[in-house]
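**Student:** Below are the structure tokens for one structure; questions will follow.
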Amino acid sequence: MTTIALQVNRRAVELSAEPRTSLADFVRDKLDLTGTHLGCEHGVCGACTVLLDGVPARSCITYAAACEGADVTTIEGLDEDEVTTELRAAFTREHALQCGYCTPGMLVSARDLVLRLPDADERRIRVGLSGNLCRCTGYVGIVRAVQSVIEARRARNIAPLADGGRTSLGPVGSGRAAPGRSESRPALQTLALASENATPGSIPDFIPATVLDQRFTLAHPPAKVFAMFDDIAAIAACLPGVSLKSPPSPERVEGLIRVRLGPIAASFEGAARVERDPATLSGRIIGIGTDQRSHSATQGEIRYRLLPLDDGAATAVELSIGYTLTGLPAQVGRPGLVRDLARRLVADFAANLDRHISGVPSEARAPAELSFWSIVSDVLRARIARILGRRSGAG
Ligand code: FES
Ligand code: FES
């Protein structure tokens with residue numbers, strides 16, 4: 001158990017909770033603030049959205065312990081809020097809810113839009129609310145309600161609040177720690193700075209927060225595979241979402257990796273240091289990158305070792321992928337899911353590598369964007385097939 005001190009709905013709260021307790025469970029179970037709903041518990045549906053230091057955040061994937069010193073506002077804390085009152089009336093008028101399960105999260109996100117975007121049109125509102133799913137209404141009434149509040153406030157000459165009234169940003173997604181928790185932000189700053197100033201040889205070693213070990217085999221001799229690992233441009237072409245900014249040098253490579261997770265898109269720009277040891281047929285690629293738009297940063301390391309198989313006719317490739325990610329995309333943190341994603345990525349990488357070494361022209365290059373959603377759908381499909389397979393096997 002750990003003691004967590006924070007403000008919830010302008011009230012100082014100090015309670016103990018397990019370090020793994022989510023903010024959603026914390027406010028619901030410990031404070032009885034059950035207006036915060038839980039839908040997917042994966043950061044996808046937005047039902048659990050609360051304000052964290054004024055910023056909408058998914059409370060199902062936010063650790064309560066990470067909110068030490070933060071200012072949390074749940075839907076109950078917006079009872080007297082002027083904009084939320086207008087929105088509630090508009091939702092009623094426009095029939096913007098049916099079962100109401102999505103409504104608390106929808107109101108929290110809509111309030112943020114109203115405060116920040118006085119000129120938002122229908123498209124902008126739809127984009128702004130795309131992180132909140134509603135299974136009942138078809139969204140028309142919701143969009144109409146939000147638009148009517150924006151128009152009414154514009155007609156009354158109510159100026160937007162710069163940045164939605166944010167004063168300090170919370171630890172989730174914003175990259176800025178709440179007062180008293182200064183260590184989170186410097187971590188991101190250090191990463192960003194290191195990436196911006198990265199000069200040859202200056203990419204630092206680091207201890208990855210997550211390490212995934214993968215192994216696959218290729219029907220090619222180790223020397224041929226090792227030569228392929230020396231061709232950084234070819235390796236990059238085999239990695240989904242990766243592109244190079246300039247021709248790589250033997251020790252250093254500059255490039256871009258594009259990642260998309262539903263409405264969250266990040267484009268990490270950075271550099272990597274390449275090390276290889278022909279004596280042990282092994283090597284290491286250490287990279288660092290930042291995404292200015294989502295204020296995310298990542299450090300990653302790929303270690304590989306090639307082992308001969310079948311008297312040297314084939315190669316076992318042992319990969320160890322380590323990374324530390326901060327910012328919005330870091331919210332995809334379910335270890336089981338991340339492991340499945342890594343397995344799928346490595347499988348794609350191995351298939352591309354095999355095609356490349358075999359000289360098979362591939363019509364489909366590695367995708368220009370690493371879409372977690374398409375990978376997640378494939379992973380889920382595979383998991384369901386596995387479960388059904390098990391059941392039919394049992395029956
Ligand atoms: S419960 Fe769905 S995003 Fe949190
Ligand atoms: S009103 Fe039912 S989920 Fe939105």
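Every read-out reported here was derived from the displayed coordinates using simple, explicitly stated rules and does not represent laboratory data. These numbers come from a predicted model, not from an experiment. Cβ: placed from backbone, ideal geometry, glycine included. Neighbour counts: every protein chain shown.
**Student:** Taking a label point 7 Å from the Cα of Q98 along the Cα→Cβ vector, which residues of region 140-154 have an amide N closer than 17 Å to it?
**Tutor:** Once the point is set 7 Å along Cα→Cβ of Q98, 140-145 turn out to lie under 17 Å by backbone N, inside region 140-154.
**Student:** While we're here: Based on the Cβ-Cβ distance from R135 to D32, what FRET efficiency comes out when R0 is 25 Å, to the nearest 0.05? It would help to have the intermediate numbers written out before the result.
**Tutor:** Numbers: r = 26 Å, r/R0 = 1.04.
So, using R0 = 25 Å, E works out to roughly 0.45.
**Student:** Mind listing which chymotrypsin sites (Phe, Trp or Tyr not before Pro) in region 90-167 are in a DSSP loop and have 12 or fewer other Cβ atoms within 10 Å? Walk me through the numbers on the way to the answer.
**Tutor:** Values: sites: F91, Y101, Y139; in loops: Y101, Y139.
Answer by residue number: there is no such site.
**Student:** Please compute the modelled spin-label separation between R10 and E122, points set 7 Å along Cα→Cβ, answer in nm with one decimal.
**Tutor:** 3.8
**Student:** At R0 = 22 Å, how high is the FRET efficiency between D205 and S320 if r is their beta carbon distance? Nearest 0.05 is fine. Don't skip to the answer; put the middle values down first.
**Tutor:** Values: r = 14 Å, r/R0 = 0.65.
Efficiency computed from Cβ-Cβ geometry: 0.95.
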